[in-house]
Amino acid sequence: MTEAFRAARILTMNSQCPEIRDGGILVREGRILAVGSWREVAGDGACRDLGPVTIVPGLINAHVHLELSHLAGRVPGGRGFEAWADGLFAAMRESRVTEAAMERAVAEARASGTCYMADVVGREFDMVRRVVDSQGLGGFLFNEFSGRDREFCPRPLPGDWSPGVHALYSTDHSLARSIKEWCSSRGLPFSLHLAEVPGENELFQSGGGEFADFLRTRRILPKGCAAPGLSAAGFARELGLLDERTLAVHCVHVDENDVEILAASGACVCLCPRSNSWIGVGDAPVAALCAAGVPLCLGTDSLASVPSLDLWQELRAARALMPCKASLFDLLALVTRNPARVLGIEADYGSLAVGTRAVWTVLPDDMQ
């Protein structure tokens with residue numbers, strides 16, 4: 001059946017026709033057949049009036065850990081990364097992953113407008129895939145690797161996925177390079193946590209510092225890792241990990257030179273402002289990243305470090321860090337067009353255009 005949906009305003013995130021007043025979307029079998037003024041669309045299908053609202057493409061969460069959903073509210077924040085990580089490890093020992101917790105998290109995310117997630121998952125890949133698929137949510141899964149003395153031999157997995165790296169401080173560097181090369185050879189996105197933690201740059205520049213001691217004490221830092229004398233971003237570039245298919249998550253502790261490295265590489269930086277604030281690692285230099293032309297997107301991170309997977313709440317936090325001149329379209333790009341590009345899903349998500357999936361959400365009044 002063909003349906004025609006009417007809305008007072010449509011923000012398509014399509015540069016050729018970004019805004020439509022008194023607009024309509026014609027839909028058949030879950031795909032958009034036409035988008036334009038209501039006068040153009042009306043009459044071609046069963047009519048449904050959405051009312052005096054602004055609709056935008058369904059939101060894309062570019063970084064989440066559904067595997068940690070059972071830890072909601074159980075890991076104290078505000079005391080810095082090391083204390084938070086210790087609290088996370090303790091909570092994980094005391095509580096098992098549950099499918100029910102994941103289902104609740106996904107349902108809440110969908111209710112707040114999310115249509116697609118890029119999830120980072122370790123052991124529970126099959127469970128996460130099952131939950132995402134059963135709830136009708138689009139999902140790309142990064143199967144995360146860390147550690148050392150491991151040969152990279154990925155097993156076939158269901159759905160859209162690729163391997164990713166936890167972080168350069170927790171993963172053998174030859175393994176990280178092998179994973180990125182595997183992704184590049186197949187045109188797949190690649191993800192890693194980068195420059196999130198205070199002391200991460202000191203670790204790679206000198207091999208010392210409190211964060212380095214924390215990693216060694218807890219046997220997280222792979223043995224024999226010599227300090228390359230570079231920042232975290234500089235080292236990622238040297239290893240060949242940064243390009244236009246890379247999702248560099250957090251990038252809180254990057255200086256002017258690091259911002260230039262990221263901009264030149266074409267990598268997309270995934271901001272997680274609420275998680276960064278909760279843990280206490282600082283704020284990413286969003287204005288500098290914007291000024292350098294670094295493509296940005298947003299992720300909520302996990303329920304172990306945020307109270308919800310609501311991307312509108314994440315966007316409100318990001319808005320406070322964006323340049324004053326940033327427009328509504330600049331903000332919406334963080335949760336639509338930009339993550340769709342780096343994940344390679346532009347044909348289905350990220351805009352309201354002919355051929356894309358007919359998934360949208362209502363723009364909250366305070367974001368108008």
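A few points about this structure:
- The chain: relative contact order in percent, alpha carbon pairs under 8 Å with at least 6 residues between: 21
- Restricting the calculation to Cα atoms, every distinct pair contributes to the Kirkwood radius of the chain, found to be 21.1 Å.
- Accessible-area composition of the chain, carbon plus sulfur, in percent [1.4 Å probe]: 47
- For region 77-120 versus region 167-193, the spacing of their alpha-carbon centroids is 23 Å.
- Charge dipole (debye, nearest 20) of region 94-207; +1 at Cβ of Lys and Arg, -1 at Cβ of Asp and Glu: 300
- Charge dipole (the chain, unit charges on Cβ, about Cα centre) - positive-most of VAL27, LEU239, ALA105: VAL27
- Overall dimensions of region 99-172 by Cα: Rg and Dmax, Å: 13.6, 42
- Farthest toward the positive end of the dipole of the chain, out of GLY138, THR114, CYS183, is the Cα of GLY138, where the dipole comes from beta carbon charges about the Cα centre.
- Fraction of antiparallel bridges per DSSP, region 180-318 only, in percent to nearest 5: 0
- With contacts taken as Cα pairs under 8 Å at a separation of at least 6 residues, region 325-368 carries a relative contact order of 28 percent.
- For region 62-140, the Kirkwood hydrodynamic radius comes to 13.3 Å, computed from all pairs of different C-alpha atoms.
- Kirkwood-type hydrodynamic radius, region 182-290: 14.5 Å, calculated from all non-identical alpha-carbon pairs.
- Residue-normalised accessible area of the chain, expressed per residue, 1.4 Å probe, Å²: 42
- Fully extending the segment from MET367 to GLN135 would add 80.8 nm, taking 0.36 nm per residue of separation and subtracting the current Cα-Cα distance.
- Restricting the calculation to Cα atoms, region 13-89 shows an Rg/Rh of 1.28 when the hydrodynamic-style radius is the Kirkwood one.
- Interchain or long-range residues, amide H under 5 Å from ASN14's placed H: LEU352
- Unit charges on C-beta of K, R, D, E only; dipole of the chain, Debye: 500
The values are calculated or read from the model by the stated rules, or taken from the named source; none is laboratory data. These numbers were taken from a predicted model, which means no experiment stands behind them. With ideal geometry, Cβ positions are generated from the backbone for all residues, glycine too; neighbour counts draw on all protein chains shown. Surface accessibility is based on the protein's heavy atoms, side chains included, excluding ligands, DNA and RNA. Shrake-Rupley method; radii C 1.70, N 1.55, O 1.52, S 1.80 Å.
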